[in-house]
Amino acid sequence: MEKNFRSTDIDKIEYTTSVGENKLLRSSFSWMALAMLLSSSAAFLFAFNPDFTALLFEQSDAGLKPTIFAYVAMFAPLAFVFAISFGLNRMSYSTLIILFVAYSIVNGISFSFIFFIYELGSIATVFLSTTALFAIMAIAGYTTKTDLTKLGSLLMIGVVGIFVASLINMFMSSEKMDYIISILGVIIFTGLTAYDVQKIKNIGHEIGDSESGKKLGLMGALTLYLDFVNLFLFLLRLFGGRKN
């Protein structure tokens with residue numbers, strides 16, 4: 001498969017039947033649901049099971065500090081995303097599945113840290129709000145007749161912008177900048193949800209029993225999963241109730 005998932009030119013796509021579109025969407029959302037289940041399970045396990053929590057923290061003279069395993073869990077997800085994205089055309093479908101499942105679990109382990117920072121009730125409220133907002137934008141992306149290609153390009157530039165701004169703010173530690181970045185993050189990933197659903201719908205004709213078609217479903221799932229978790233994390237930074 002020569003196409004890059006995010007660079008597909010919608011104007012060049014030949015529309016076939018809604019059956020093909022729906023098949024790709026079903027595949028993408030099914031894999032996304034599995035990823036969410038694995039991530040949630042891993043997050044709860046490492047947050048509330050003492051044996052697993054001990055893998056994340058160790059005692060020091062200054063108190064508890066993250067272990068090497070914790071740092072690996074925090075930074076490994078990015079490596080998995082790059083491996084899946086750049087290995088799409090080179091790796092087999094089964095290998096991509098293994099990487100996708102591993103990524104979902106490792107990402108879930110990194111999410112366990114939010115349970116030590118935010119109140120459980122606050123996390124649940126933000127999660128439900130994220131689910132509702134994601135569903136609304138997904139429906140909007142599927143049903144709208146407006147071509148969102150140009151909007152998607154602008155939003156991807158915005159993703160790069162907030163990533164760079166976040167890196168800078170790691171050194172500045174500005175609460176005001178953090179607040180602005182979070183607001184922009186919510187806006188950007190809300191828009192990307194609609195854009196990505198439309199993109200998956202528009203390339204639905206490529207889905208089938210071929211391995212390349214199955215890979216598209218997996219990449220669609222990864223894209224939607226990233227939209228959801230980023231939207232959730234930015235909303236949590238804005239509205240999450242922190243522990244004292």
Would you pick out the residues in the range 33-89 that are among the acidic types (Asp, Glu) and farther than 21 Å from ILE117 by Cα? ASP61
Which of the residues that make up the range 110-142 are touching a Leu at 6+ places or on another chain (Cβ under 9 Å), in a helix (DSSP H, G or I), surrounded by 16 or more Cβ atoms within 10 Å (Cβ to Cβ) and of a type in the set (Gly, Ala, Ser)? SER122, ALA138, GLY141
LEU226 within 25 Å of ALA33 (Cα to Cα) and at pLDDT 95 or above: yes
May I ask you to list the residues in the range 84-93 that are outside any loop (DSSP other than H, G, I, E, B) and in contact with a helix residue (DSSP H, G or I) (Cβ under 9 Å, 6 or more places away or on another chain)? ILE84, SER85, TYR93
Residue under evaluation TYR103, criteria (1) over 27 Å from THR193 (Cα atoms); (2) of a type in the set (Phe, Trp, Tyr); (3) crowded, with 16+ Cβ neighbours inside 10 Å, criterion not met: (1)
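For (1) among the aliphatic types (A, V, I, L, M); (2) assigned to a strand (DSSP E or B), each residue gets a yes or a no:
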{"site": "ALA43", "(1), (2)": "yes, no"}
{"site": "ALA47", "(1), (2)": "yes, no"}
{"site": "PHE52", "(1), (2)": "no, no"}
{"site": "LYS65", "(1), (2)": "no, yes"}
{"site": "TYR71", "(1), (2)": "no, no"}
{"site": "PHE82", "(1), (2)": "no, no"}
{"site": "VAL101", "(1), (2)": "yes, no"}
{"site": "SER104", "(1), (2)": "no, no"}
{"site": "GLY108", "(1), (2)": "no, no"}
In contact with a Leu (Cβ under 8 Å, 6 or more places away or on another chain), surrounded by 14 or more Cβ atoms within 10 Å (Cβ to Cβ), modelled with pLDDT of 90 or more and of a type in the set (Asp, Glu) - does that describe any residue in the range 158-179? no
Assuming ILE13 fulfils every condition listed in (1) surrounded by 14 or more Cβ atoms within 10 Å (Cβ to Cβ); (2) at pLDDT 80 or above; (3) among the hydrophobic types (A, V, I, L, M, F, W, C) apart from one, which condition is it? (2)
Would you pick out the residues in the range 86-102 that are free of Cβ contacts under 8 Å to residues at least 60 places away in the same chain and under 30 Å from ALA54 (Cα atoms)? ILE98, LEU99, ALA102
Which ones in the range 183-214 are surrounded by fewer than 23 Cβ atoms within 10 Å (Cβ to Cβ), among the small types (Gly, Ala, Ser) and modelled with pLDDT of 95 or more? GLY191
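The values are calculated or read from the model by the stated rules, or taken from the named source; none is laboratory data. As the structure is a computational prediction, the values presented were derived from the model and not from experiment. Heads up, the Cβs are rebuilt from the backbone with ideal geometry, glycines too, and the neighbour counts pull from every protein chain shown.
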